[in-house]
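> One structure follows; several queries about it will come next.
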Amino acid sequence: MRESPPDLLPVHLHHLFTFLTTLGGVQSVLKRHLQRDPAFCASSTLTTFFDRSPLHQPSAQTLGLRGFHTIAQARTRIARQIPRQPNRLVIAHNLWGLHFWADLIPCQRRIGILHSDWPGLPQFLSCHRQLLDGLLCVSKPLLHLANQSLPELPAPRIALIHYPVSNPIPSTAAPRPRPPGRTFTIGIAGRIQIEQKRLDRLPALLAQLQARNLDCQVECLGEGPDLPQIRKACAGFTNVRFLGRLDGDAYWQALASWDAILFLSDYEGLPIALLEAMSVGVIPVFPSIGCGADDYLKALDSQLLYQPGDLDDASAKIAWLDRCPPSSMAELRKQSQAIVQPHHEDRYFKTFSEFVQTVRALPRISVQDFPARRIHWTDHSPFGILSRFAPQASWRSPLS
């Protein structure tokens, strides 16, 4: 019996990322992939690098790495724990570690999904030339940047994909007007950390709101490495609450109770918390940092964008919202929901499935046969040191 060519055999998707169990938009999307890939595309599994075992998630495993481990040790674990399965498509989320594991995981194609922006991203992308067959980007700015950095991936090998948003609670689908006399509620959602999210700015923001005599409540929904430090810094303010991590219905009920959602970030890709909040009619206040959120805010009302790091400007935007008449707030809520309509979860998986099939049908352009790996000092330096002191060195291409 004649065998089918490898590219025509049933395909399996293998997702790779740093974490699954921590709070974040990428983690939310990964969990959905494990649940919904079989219905839309193909069976799938996930390997994470730094989670603690076990993951308590079907079809998922972790290598259990820590900050003191090295690339050389990671390669040993990959070779031992990830079975050789040539008839698969590797889905590399944020392309993390692609330069040190690509030669160890045989596959039909390598596809990246770029979720995030961070300082040095153009150089990072340029170091991954010849390693990808396709790339999906979750925002237009990321797509533009990737097009510039990876000319080897013209359309249709590179495309935009809208993050999935699916609210499971019908009662929160219709925006609820703010009852007369109720305190204006501002939400902050996501990882409680200083790097990128800049939650260290929260005390200064609270002071600005207090100076404007605004009757408002700030609620922080989430957890993160800097939560104790931020909570301590805000101890002198009575109008801030830390809700911790909420999941499922409790999460959506908290979102729907807010009037506005605020971000203090230095950089972002496109925060999924922003999209989820807008889907229940919450009005965003966001720094104009040139990320995927900027176009959404401009479509809603450009007055909701504030100068990055300018907390006086951020508090002024909140004060403007607080003064808006109920009819104006109702219209903003309605428009907020309309703007995120393209983010329906089914549409995300349809786009993903079609892209996978497109890339699979195209000739492979990513490297299959790698030269012998040359010894480099970064292979024996702990990840914790690489991430803090020599990030560019850790981007070294396996082909350089």
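> Could you check the stretch 102-124 and list, in sequence order, the residues that are part of a helix (DSSP H, G or I) and buried (at least 23 other Cβ atoms within 10 Å of the Cβ)?
The answer is Ala102, and nothing else.
> Another question, if that's okay. I'm told Glu345 meets every condition in (1) farther than 15 Å from Val29 by Cβ; (2) modelled with pLDDT under 95; (3) not polar (S, T, N, Q) except one. Can you identify the failing condition by its number?
Only one criterion is unmet by Glu345, namely (1).
> Name the helices (runs of 4 or more DSSP H) wholly inside the stretch 247-306 in which the number of residues that are in contact with a Gly (Cβ under 6 Å, 6 or more places away or on another chain) is 2 or more. Give the derivation first.
Working: elements: 248-256, 272-279, 293-300.
The helices (runs of 4 or more DSSP H) meeting that bar are 272-279.
> Considering only the stretch 304-320, I want to know if a residue exists there that is outside the structural domain of Cys41 (by TED's automatic domain parsing), at pLDDT 95 or above and of a type in the set (Val, Ile, Thr).
So far as the stretch 304-320 goes, yes, one or more of its residues are outside the structural domain of Cys41 (by TED's automatic domain parsing), at pLDDT 95 or above and of a type in the set (Val, Ile, Thr).
> Whether any residue in the stretch 329-339 is surrounded by fewer than 19 Cβ atoms within 10 Å (Cβ to Cβ), assigned to a helix (DSSP H, G or I) and among the polar types (S, T, N, Q) is what I want to check.
Yes, the conditions are met somewhere in the stretch 329-339.
> Quick check on my filter: what residues within the stretch 172-205 are within 27 Å of the chain's Cα centre (by Cα), outside any loop (DSSP other than H, G, I, E, B) and modelled with pLDDT of 90 or more?
Across the stretch 172-205, the qualifying residues are Thr185, Ile186, Gly187, Ile188, Ala189, Leu199, Asp200, Arg201, Leu202, Pro203, Ala204, Leu205.
> In the stretch 198-223, what residues are surrounded by 17 or more Cβ atoms within 10 Å (Cβ to Cβ) and in contact with an Asp or Glu (Cβ under 8 Å, 6 or more places away or on another chain)?
Arg198, Leu199, Gln208, Leu214, Cys216
> Residue check: is Asp215 modelled with pLDDT of 95 or more and among the acidic types (Asp, Glu)?
Here the answer is no, as Asp215 does not meet what is asked.
> If I filter the stretch 76-97 for residues that are among the hydroxyl-bearing types (Ser, Thr, Tyr) and assigned to a loop (DSSP other than H, G, I, E, B), do I get at least one hit? Even if it seems obvious, please write down each step before you answer.
From the stretch 76-97, those among the hydroxyl-bearing types (Ser, Thr, Tyr) are 76; that's our starting set.
Imposing the further condition that a residue be assigned to a loop (DSSP other than H, G, I, E, B) reduces the set to none.
No: zero hits.
The values are calculated or read from the model by the stated rules, or taken from the named source; none is laboratory data. Everything numeric in this text was worked out from a predicted model, so none of it was measured. Cβ atoms come from the backbone with ideal geometry, glycine included; neighbour counts cover every protein chain shown.
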